[in-house]
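Taking it in order: structure first as structure tokens, then the write-up.
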2 protein chains.
Amino acid sequence: MTEKENYIEQVGLFYEQYGLPKMAGRILGYLISSDSDNNSFEDIQKSLKASKGSISGNINLLLKQGMIVKHMISGDRKSYYKMSLNSLESILDSKVNSVTQFKMILETGLSFDLNDNSLKKKNLTKILNYYEFLENEIPLLRNKWEEKANNQM
Amino acid sequence: MTEKENYIEQVGLFYEQYGLPKMAGRILGYLISSDSDNNSFEDIQKSLKASKGSISGNINLLLKQGMIVKHMISGDRKSYYKMSLNSLESILDSKVNSVTQFKMILETGLSFDLNDNSLKKKNLTKILNYYEFLENEIPLLRNKWEEKANNQM
DNA sequence: TATAAAGTTCAGTAATTAGTGAACTAAATG
DNA sequence: CATTTAGTTCACTAATTACTGAACTTTATA
């Protein structure tokens, strides 16, 4: 196994921890470590020595999640893929989403506890406040980044 | 299925999305919606109608991840569990960790691309800057929360 | 020191998820 | 309009992960 192949496996394992199929992680590893932005389906499939079915499924998963983008080259009917840049801000947006979801879970759960004024309720309310805090702060962070990124150009 | 049982299943599914076993999620759902902070192993096991083995394994998983805490009641040799409060700040800490890990992945990956000055490298460097930004900002957010939480007491 | 209570461990099984490969669709080229 | 190319779909299999239940450890009580 070359050093690069080994790297690609590492990235696969890294993303597996976060719930993506290993193959999707390998594709990301391939895209990050390749020499160019024009990585065709075939390049990816041959390099990763995997079935077309698996590559197809995982590429579409990554596209749906906004982690990669597809682009075309005129006069060539292959599809090319690269890491997505527009996903930068959306990482924070999706965080807000899951924070909001968790807040709802806490709120619903607390409504089952009839015993108001309990220490337990007070503590879980603190957790709720924390998530509210995050829900407010993350969009500010997003703005801060956008400003910074614009100034750098 | 009672409304509460249904809620507990929902929480199980929610956490499953984020890579926890459904049973671990159910335990969290149980703890959030129960009437008190003194939830024994037996309470949890009986309520969730699951095996002792599964409850044991998943409780220990949640303890290890800092999502719940164990406490004892004197003169009683059962263990009791509740949602963890000290994990609030550690949620952000673990975010920093994964951001740092991902930065390393990008850096290693870029080192395989010999073609410097490529548009591709420029773009991935932008992603790298973004993660660096997050790495810096998240601890600030943590401080801001701590201050806020202290003032509220 | 036997008995019980509280939880752990682990082998086996169930359930889920990922990957393969072959058949297929759609579009482009000779 | 037959052929090739690019990618998709889906039934099957492989691999992984979660859960069960019974045997076990440890500590406490009669």
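The values are calculated or read from the model by the stated rules, or taken from the named source; none is laboratory data. Keep in mind that this is a model prediction, so the values were computed, not measured. Because the Cβ atoms are built from the backbone with ideal geometry, glycine has one as well, and the counts that use them run over all protein chains shown.
Summary table below
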{"item": "Single residue of B:82, B:103, B:95 found to be more than 14 Å from DNA strand D (Cβ to nearest atom), modelled with pLDDT under 95, within 14 Å of chain A (Cβ to nearest Cβ) and within 22 Å of the chain's Cα centre (by Cα)", "result": "B:95"}
{"item": "Residue in region A:52-74 that is farthest from DNA strand D (Cβ to nearest atom), counting only those that are over 14 Å from residue A:21 (Cα atoms) and either touching a residue at least 60 places away in the same chain (Cβ under 8 Å) or not in a helix (DSSP H, G or I) (or both)", "result": "A:66"}
{"item": "Members of region B:41-51 that are surrounded by 15 or more Cβ atoms within 10 Å (Cβ to Cβ) and more than 7 Å from DNA strand D (Cβ to nearest atom)", "result": "B:41, B:43, B:44, B:45, B:47, B:48"}
{"item": "Condition check for residue A:121: more than 7 Å from every other protein chain (Cβ to nearest Cβ) and under 19 Å from residue B:31 (Cα atoms)", "result": "yes"}
{"item": "Subset tally (residues that are touching a Leu at 6+ places or on another chain (Cβ under 7 Å), among the aliphatic types (A, V, I, L, M) and either touching a residue at least 24 places away in the same chain (Cβ under 8 Å) or surrounded by fewer than 18 Cβ atoms within 10 Å (Cβ to Cβ) (or both)) for region B:95-153", "result": "6"}
{"item": "Of all residues in region B:1-13 being out of contact with any Leu (no Cβ under 9 Å at 6 or more places or on another chain) and closer than 20 Å to residue A:19 by Cβ, the one that is surrounded by the fewest Cβ atoms within 10 Å (Cβ to Cβ)", "result": "B:13"}
{"item": "Pick from region B:63-77, criterion hydrophobic (A, V, I, L, M, F, W, C) and within 11 Å of DNA strand C (Cβ to nearest atom), ranking: modelled with the lowest pLDDT", "result": "B:73"}
{"item": "Helices (runs of 4 or more DSSP H) within region A:1-49 that include 1 or more residues closer than 18 Å to residue A:72 by Cα", "result": "A:22-33, A:41-48"}
{"item": "Criterion violated by residue A:59 - all others in (1) away from DNA strand C (no atom under 13 Å from the Cβ); (2) away from every other protein chain (no Cβ under 14 Å) satisfied", "result": "(1)"}
{"item": "Single match in B:30, B:80 (criterion: free of Cβ contacts under 8 Å to residues at least 40 places away in the same chain and either in contact with a Ser or Thr (Cβ under 9 Å, 6 or more places away or on another chain) or under 16 Å from residue A:107 (Cα atoms) (or both))", "result": "B:30"}
